[in-house]
Amino acid sequence: KRKGELHGFEVLTVHCRAEQERVVAGKRTFTVDATSFTGILKVIDIVKFEAVLISGIGSTAKAFGFGFIQF
């Protein structure tokens, strides 16, 4: 709900799948939360929503391709 308010959408339905993802970055290996959310959104503010399509949602693992909305 909070992310929707920040990024111009409302969550109508949601399904969550939580996993841990192993990341190998050069000589380092670590694990990040790879939770996936699937659902139906209602766009409230098209400008904010378009921006989040480009920048993604989340923070910690965005450098590794996590946090982006996929269709």
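Coordinate-derived values only; no laboratory data. Please read these numbers as outputs of a predicted model, since none were measured by experiment. Cβ: placed from backbone, ideal geometry, glycine included. Neighbour counts: every protein chain shown.
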Aspartates and glutamates within cross-link reach of Lys42: Cα-Cα under 20 Å, excluding same-chain residues under 8 positions apart? Glu5, Glu10, Glu50
Sum of side-chain charges, Ser36 neighbourhood, beta-carbon under 13 Å (Lys, Arg +1; Asp, Glu -1): -2
Amide H of Leu41 versus every other amide H placed in the peptide plane: which residues, excluding those fewer than 5 positions away on the same chain, fall under 5 Å? Leu12
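Once a ≥ b ≥ c are taken as the square roots of the eigenvalues of the Cα gyration tensor of the range 13-58, is the result rounded (a/c under 1.5), prolate (a/b larger than b/c) or oblate (a/b not larger than b/c)?
Oblate.
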